[in-house]
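Asks: One structure coming up, written as structure tokens, with questions to follow.
The values are calculated or read from the model by the stated rules, or taken from the named source; none is laboratory data. Here the structure is a predicted model, which means the values were calculated and not measured. Here Cβ is always computed from backbone atoms with ideal geometry, including for glycine, and neighbour counts include all displayed protein chains. Only protein heavy atoms, including side chains, enter the accessible area calculation; ligands, DNA and RNA are left aside. Shrake-Rupley method; radii C 1.70, N 1.55, O 1.52, S 1.80 Å.
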Amino acid sequence: MINSHFATMTNGRAVKLDVIPTLAFDDFKKAILDGTAAGQRVSAMFGDPTSQSEVTQLYVVMADDEQNQLYIGRTHIEGDQFPSLTPQCPQVHLFEREIAEQFGLKPIGHPWLKPVRYHRSKTGRDAWNRPSDQAVLPAVCDFFQVEGDEVHEVAVGPVHAGIIEPGHFRFQCHGERVFHLEIALGFQHRGVEDAMIGGPTKRSIHYAETLAGDTTIAHATAYCQIVEALAHCQKTARAQMLRGVSLELERLANHVGDLGAVANDVGFLPTASYCGRIRGDFLNLTALLCGSRFGRGMIRPGGVGFDIDDSRASELLRRLDKAEKDTANSVNLLWDTPSVMARLENTGPLPKHIAVELGIVGPAARASGLVRDLRQDQPSGIFRFSHIPVGTCDTGDVFGRVFIRWVEIQRSIKFIREQIGAIPAGSPLVKVGSLAPDSLVATLNEGWRGEVCHIAITNEQGSFARYKVVDPSFHNWAGLAYALRGQEISDFPLCNKSFNLSYCGHDL
Amino acid sequence: MFKIILARLRQGHHTMEYPDGPAPKLSDRFRGCPVVKADACCDGCADCAGVCPTGAIVIKDNHPCIDMGKCLFCSECANACGQQAIKYSDDYRLAARRREDLVVCNDKPAGPCDVEMERDIKKLFGRSLKLRQVSAGGCNACEADTNVLNTLAWDLGRFGIQFVASPRHADGLLITGPVTQNMHLALKKTYDALPQPKIVIAVGACAIAGGPYIDHEQVKNGADTVVPVDLYIPGCPPHPLTILDGLIRFLGQKEAN
């Protein structure tokens, strides 16, 4: 369905700001509701200040995966409130909370309006009317509470028992059974979006690389595509191939690590031990390319920072073969062990219709039966020419989220082998010129957790006037909370690992 | 059961020989301790300092001094230098006890710092060190490569080092991240909950000086703005080998060379 009220846009192609329609709020709302009813997703919804302090612009970027198309629209909000869309369109719930926090705009009718990252707004307004001399402290807010005999509350974090990022979790329990889990984040908030404004600067690429350290390649790629689109820079096929290989290596390391971590959480140590080690073998393949296990320095505006030669390519393939065999040997133990399968199956189910409503992305969406993969739906770079088939599961449980990773591991390895087997000629890096003024561009990439979305708006000088980052975790944390409903509290680590979401990617 | 035993045989033995044997081979593109060749510097040139994203380079007496505590090891400085006065070597031994020892200048002798802990503390912790990890901002890469030390190949447990689940059980803190405003209180409370004597290890550019987020209003510029730090391990993120080397030399379980 064509979204008649919004302008069409393609992943990674800049548009001039004046082609983006500014709608009356009711039309803006209707276009979003009609779009989501027709199967589109809200990839991003965000505020942008205007020259008048009482007027805020709201932008929305919708993804139509059927049509390989994006839609963009905007509206003006005057004053300090707007009618919430969340009751009719749950997938914008966190975007509206973010807008409330960043701009002090109240989405009236939002069912559970809480801060997201616990900081003061850009505008001096406060959606919660907190006194301006009162410190804003993380996780200091209302929490959903269940009352009754034998109902108790378990609070965990921000500092956790292992080597884990900070977050605060509240479980409302009856005995072992969890009625409700509420997650408060924001502890990692370090102001990246604000710091991008005025860029690109020499720090911008480093902000992108450290939005979520385990997603360095995907975030750096999204950022570089922004710069390249605005500068009308054509990368070589060689650079695009090397970016694709790096992205799949990142997926491999993380997926293998997650399979090991899930095995550890069900107490199955063979796979836990082997996969922990093999994850390192995949990280070291990224280091073979660029010297850093996390891909720092690999993705640069205009292409890649490091080229590949024949001997490096054959070394990569040799080690890939070995890692593939080790992974298969280790992971297949899971499916052959009934005690493991008994813990994975039917634990933490996320039904397909809930995944649609919440706007879940990545392996978690595919495990719930959604054919949703940006490498196919909104392809960019090498994925426009070389395709990786999308796998899905229909169980939506921990088993589904674990098994889908195994499917993706096998396909990513095959993809890398094909790409490295036929390396296109060309320069790894081309020069990038200055950025087009008064433009907007959105870039979407399928990181290992799902949709990594960056959006930049330039001012009349061609500098970033607004930079928006949506990590896949921003969509998926609500999915984890939902999956735990009715489960035992002891299933939390398992459910958590099966999503393995980013705190820093959410907190920015 | 049969398949598990077969897999065990197939996967083999992987615990590394290091530190008794050679260190594991790193990528030939690994960027370790920077080396400055000051005689190569041109008069009045500051190209390296100009491209550094975090202000890690200051020009002193016409040559660069690189603060590894701030350095992201992106090697932009080396790429910008027409004279190849800066090179990132393969030396992974980067840890230091004092903040100023992380600065690499021309007049600095090459090679790792002495980081061994004081004798009375070593008597307590030298063979058994329980650490509590606090992630205080940052990107989770330092945490990930610290966690790697617990995998079979690195096997941190053989050095008597273990990450524990409560500050009450810990001898020290291992801190990552620049310390966001939102983690400030939690970090202080965790530190206060540790019994005396206690040590603090700052891992990564963020925890040492703020990393890429240096001078953001949302963060402190590193762990030592909140708690006293006993060992600094630079990198963005540091390689697991850099972290392990720092830890075991700190405990006096390994000589520098």
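Asks: Which distance in nm do the two modelled labels at A:His152 and B:Lys122 give, with both placed 7 Å along the Cα-to-Cβ direction?
Replies: With each label point 7 Å from Cα toward Cβ, the separation is 4.7 nm.
Asks: In µm²/s, what is D for the stretch A:133-262 at 20 °C and 1.002 mPa s, where D = kT/(6 pi eta Rh) by Stokes-Einstein and Rh is the Kirkwood radius from Cα pairs?
Replies: On the way: Rh = 18.6 Å.
My calculation gives 115 µm²/s for D.
Asks: Which helices of chain A meet both criteria: a Cα extent of 30 Å or more along the helical axis and a mean Kyte-Doolittle score no lower than 0.5, with helices taken as whole DSSP H segments?
Replies: Both cut-offs are met by A:269-290.
Asks: Mind checking the mean number of beta-carbon atoms from other chains within 10 Å of the Cβ atoms in B:238-244?
Replies: 1
Asks: Something else about it: In whole Å, what are the extents of chain B along the principal axes defined by its C-alpha atoms, from largest to smallest?
Replies: Answer, in whole Å and largest first: 67, 45, 36 Å.
Asks: A:Val151's amide H: which non-local residues (gap 5+, or another chain) put their own amide H closer than 5 Å, with H modeled 1.01 Å from N in plane and none for Pro or chain starts?
Replies: Answer set, sorted by chain and number: none.
Asks: If you count only protein heavy atoms with a 1.4 Å probe, what accessible area per residue comes out for chain B, rounded to a whole Å²?
Replies: 43
Asks: Moving on. Which pairs in the list A:Lys235/A:Lys414; B:Lys37/B:Lys254; B:Lys189/B:Lys220; A:Lys202/A:Lys431; B:Lys70/B:Lys254 are over 19 Å apart, alpha-carbon to alpha-carbon?
Replies: Result: A:Lys235/A:Lys414; B:Lys37/B:Lys254; B:Lys70/B:Lys254 exceed 19 Å.
Asks: Right, next: Excluding residues fewer than 8 places away in the same chain, name every one of the lysines whose C-alpha is closer than 18 Å to that of B:Lys3.
Replies: By straight Cα distance, B:Lys3 reaches A:Lys325.
Asks: Using the Cβ atoms and a cut-off under 11 Å, what net charge is assigned to the surroundings of A:Ala100, where Lys and Arg are +1 and Asp and Glu are -1?
Replies: With Lys, Arg at +1 and Asp, Glu at -1, the net is -1.
Asks: What's the total accessible area buried between chains B and A, using a 1.4 Å probe, rounded to the nearest 100 Å²?
Replies: Details: alone 13470 and 19490 Å², together 28300 Å².
Summed over both sides, the interface buries about 4700 Å².
Asks: Let me check I have the definition right: for the stretch B:119-250, take the eigenvalues of the Cα gyration tensor, multiply each by 5, take square roots. What are those semi-axes in whole Å, largest first?
Replies: 22, 17, 12
Asks: Can you give me the C-alpha center-to-center distance between the stretch A:324-340 and the stretch A:255-302, rounded to a whole angstrom?
Replies: That distance is 17 Å.
Asks: Next question. Could you rank the peptides A:241-253, A:202-214 by their average count of other C-beta atoms within 10 Å per residue, with the highest value first?
Replies: Ranking the peptides A:241-253, A:202-214 by packing returns A:241-253, A:202-214.
Asks: Report, as an integer, the average count of C-beta atoms from other chains found within 10 Å of each Cβ along A:183-194.
Replies: Partner-chain Cβ atoms within 10 Å, mean over residues of A:183-194: 6.
Asks: Another question, then. Starting at the first residue of the stretch A:171-176, write each ³J(HN,Hα) from the Karplus equation 6.51 cos²θ - 1.76 cosθ + 1.60 with θ = phi - 60°, in whole Hz, x for Gly and Pro.
Replies: In residue order, the calculated couplings are 10, 9, 10, 10, x, 7 Hz.
Asks: Taking beta carbons within 10 Å but only from partner chains, what does the mean come to for residues B:2-12? Display every interim value, and only then the final one.
Replies: Numbers: counts 1, 6, 7, 1, 2, 9, 4, 0, 5, 8, 1.
Counting Cβ atoms of other protein chains within 10 Å of each residue's Cβ and averaging gives 4.
Asks: List the lysines whose alpha-carbon lies under 21 Å from that of A:Lys352, not counting same-chain residues fewer than 8 positions away?
Replies: Within the straight-line limit of under 21 Å, A:Lys352 reaches these lysines: A:Lys497.
Asks: With a point put 7 Å past each Cα toward its Cβ, work out how far A:Trp335 is from A:Arg417 in nm, to one decimal.
Replies: Spacing of the two 7 Å Cα→Cβ label points: 1.7 nm.
Asks: Cα centroid distance between the stretch A:59-79 and the stretch B:108-155, in Å?
Replies: Taking the Cα centre of the stretch B:108-155 as reference, the centre of the stretch A:59-79 is 48 Å away.
Asks: Could I ask something else about it? Among A:215-227, A:134-146, A:449-461, how do they line up from the highest to the lowest mean number of other beta-carbon atoms within 10 Å?
Replies: A:215-227, A:449-461, A:134-146
Asks: List, in order, the whole-Hz ³J(HN,Hα) value for each residue of the stretch B:191-198 obtained from phi through the Karplus relation with A = 6.51, B = -1.76, C = 1.60 and θ = phi - 60°; use x for Gly and Pro.
Replies: 4, 5, 7, 6, x, 7, x, 9
Asks: Using protein chains only and a probe of 1.4 angstrom, how many square angstrom of A:Lys352 are accessible, to the nearest 10?
Replies: We get 110 Å² for A:Lys352.
Asks: Give me the percent relative contact order of chain A, please, defined on Cα pairs under 8 angstrom at least 6 residues apart. Can you show the working numbers first?
Replies: Working: 1056 pairs, mean separation 91.7, N = 508.
Dividing the mean separation by the residue count of chain A yields 18 percent.
Asks: Quick check: the angle from helix B:2-11's long axis to the longest principal axis of chain B, C-alpha only, nearest 10 degrees?
Replies: Rounded to the nearest ten degrees, it is 30.
Asks: Which ³J(HN,Hα) values in Hz, rounded to whole numbers, follow from the phi angles of the stretch A:373-382 under the Karplus curve 6.51 cos²θ - 1.76 cosθ + 1.60, where θ = phi - 60° and Gly and Pro get x?
Replies: 8, 5, 5, 9, 7, 9, x, 9, x, 5
Asks: Rounded to the nearest Å, what's the spacing between the alpha carbon centres of the stretch A:113-128 and the stretch B:202-234? Just the number, please.
Replies: Here the answer is 26 Å between Cα centres.
Asks: Considering only the other residues whose Cβ falls under 11 Å of the Cβ of A:Asp65, what net charge follows from Lys and Arg at +1 and Asp and Glu at -1?
Replies: -3
Asks: Related question: Heavy atoms only, probe 1.4 Å: what % of the accessible area of the protein assembly as shown goes to carbon and sulfur, would you let me know?
Replies: Accessible surface attributable to carbon and sulfur in the protein assembly as shown totals 50 percent.
Asks: Starting at 0 and stepping by 10 Å, how many percent of the alpha carbon pairs of the protein assembly as shown end up in each bin?
Replies: Answer for the protein assembly as shown: a P(r) of 3, 14, 25, 28, 20, 9, 2, 0 percent.
Asks: As an exercise, use a Förster radius of 30 Å and the Cβ-Cβ distance of A:Glu315 and B:Val58 to find the FRET efficiency, rounded to the nearest 0.05.
Replies: Efficiency, rounded to the nearest 0.05: 0.20.
Asks: May I pose another question? Please work out the average accessible area per residue across chain A, using the 1.4 Å probe convention, and give it in Å².
Replies: Averaged over the residues of chain A, the accessible area is 34 Å².
Asks: What FRET efficiency do you get for A:Asp194 and A:Thr123 if R0 is 22 Å and r is their Cβ-Cβ distance, rounded to the nearest 0.05?
Replies: 0.95
Asks: Could you list which residues have their amide H under 5 Å from that of A:Gly447, counting only those 5 or more apart in sequence or on another chain, with H placed in the peptide plane?
Replies: Under 5 Å from the amide H of A:Gly447: A:Val452.
Asks: In addition: Considering amide H positions built from the backbone, and no H for Pro or chain starts, which residues 5 or more places from A:Lys106, or on another chain, come under 5 Å of its amide H?
Replies: Correct list: A:Gln81, A:Phe82.
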